[in-house]
Amino acid sequence: MRPFLDTNLLVYAQTSDPRSVAARQAILAGGVISVQVLNEFVAVLRRKFKRDWDEIAEAVADVRIVLDPVRPISIETHETAVDLARQHGFSFYDSLIVASALEAKCDTLLTEDLQAGQRVRGLAIVNPLPGPSGG
């Protein structure tokens, strides 16, 4: 089964941060992302890293080549996210990532934003990045 990748992996893969190697490895291993992940990726590259639009387009194209087709966000995804936020106390946007991973039938969510080792409706939360809570 394919993992779902959170935005932070895509961002770290674009940096010289110590976590970039692990992030690139996770991306190259394949997986699933949603349009939300792509939107957040573009926003961070533009706002935080001041990348120009051509660089951003190239980074997005690279990600789309390696990963499964980008999944849309539907009203059902939104409704599941609201339920997850209410039930687990996650932020809405983290809940939207979890809902997208569940909808894609992924068994693992790779992220540093949620508690590693936690399971949500059968979805394992894994932090593949080096550090205190990562791999």
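Just so you know, all these numbers are worked out from the coordinates, no wet-lab data involved. Predicted model only: the values in this text are computed from it and were never measured. As a convention, Cβ positions derive from the backbone with ideal geometry for all residues, glycine included, and neighbour counts pool all protein chains shown.
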Rule-of-thumb Rg ratio for the chain [Cα; 2.2 N^0.38 Å; N residues]: 1.00
For the chain: relative contact order, % (alpha-carbon pairs under 8 angstrom, 6 or more apart): 27 percent
Rounded to 10°, Cα long-axis angle of helix 75-88 versus longest principal axis of the chain: 70 degrees
Rounded to 10°, Cα long-axis angle of helix 92-103 versus longest principal axis of the chain: 80 degrees
Peptide ranges 101-114, 26-39 listed from the most packed, as the mean C-beta count within 10 angstrom indicates: 101-114, 26-39
In Hz, Karplus ³J(HN,Hα) per residue of the stretch 37-47 (6.51, -1.76, 1.60; θ = phi - 60°; x = Gly, Pro): 4, 4, 4, 5, 4, 4, 4, 5, 4, 6, 6
Two-site FRET efficiency, Arg24 against Phe92, from Cβ-Cβ distance with R₀ of 25 Å, rounded to 0.05: 0.30
Shape metrics for the stretch 25-92, restricted to C-alpha atoms - Rg then Dmax, Å: 14.3, 41
Helix axis angle, 53-66 relative to the chain longest principal axis, alpha carbon, degrees: 60 degrees
Computed [θ] at 222 nm, helices only, for the chain once each DSSP H run of length n ≥ 4 contributes -39500 (n - 2.57): -15500 deg cm²/dmol
